[in-house]
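As structure tokens, the structure follows; a few thoughts come after it.
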């Protein structure tokens, strides 16, 4: 079997897995630990930009960080690798949608316990959008799912291409 076929199979399997993640967003995933660490680092990273941005920074950084890796692979002319990492971006957005959808109910357990600030409750309250929690959570979920679908299409197209293989040969 040619390398392109293996890549296509891997892309399809990754797509199925991440679409399954989007269909069952409340189930824990192995990648959740990494997402949580990046989320918490985002609060620190965005701290200099004021309280609102510090709180928003957790969810922002959780999506921006894997996006940086997508950008790196695009820059390196490795579209297949970029597409595979885009699955993580989509999953991270779906993960954020669960947190956003919980803004009014505040049922999710938080790291600091019950006295912790619920990021999305704070953000939507300050924006006067707490009553739109469900719609905002659904919208974010749709964006994450569409990102996963885009990653799947891109990965399948890139897996059929020899461009990344050529780029790897040039760099060696």
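Taken together, the values in this text are just the output of simple stated rules run on the coordinates, not laboratory data. All of these numbers come straight from a predicted model, not from anything done at the bench. Heads up, the Cβs are rebuilt from the backbone with ideal geometry, glycines too, and the neighbour counts pull from every protein chain shown.
For the reader, a short list of remarks on this structure follows.
- Shape category assigned to segment 1-79 from the gyration tensor of Cα positions, a/c cut at 1.5: oblate
- For segment 61-136: rounded, prolate or oblate by the Cα gyration tensor [a/c cutoff 1.5]: prolate
- Cα shape, segment 38-90, gyration tensor, a/c 1.5 rule: prolate
- Helix 79-101 and the long axis of the chain differ in direction by around 20°, with both axes built from C-alpha atoms.
- Neighbour-count order for 75, 17, fewest beta carbons within 10 angstrom listed first: 75, 17
- Once the chain from residue 117 to residue 153 is taken as fully extended at 0.36 nm per residue, the excess over their C-alpha distance is 9.2 nm.
- Once the Cα-Cα distance is subtracted from the 0.36 nm per residue extended length, the residue 20 to residue 143 segment shows a gain of 42.8 nm.
- Whole-number percent relative contact order across segment 30-116, with pairs defined as alpha carbons under 8 Å at least 6 apart: 19
- Length-normalised contact order of the chain in % [C-alpha pairs under 8 Å, at least 6 apart]: 31
- Pairwise label distance in nanometres, residue 13 with residue 52, each label 7 Å out on the Cα-Cβ vector: 4.6
- Rounded to the nearest angstrom and listed largest first, the equivalent-ellipsoid semi-axes of segment 1-46 from its Cα gyration tensor are 30, 15, 7.
- Principal-axis analysis of the Cα atoms of the chain puts helix 32-46 at an angle of about 60° to the longest axis.
- Degrees, to the nearest 10: 51-75 long Cα axis against longest axis of the chain: 0
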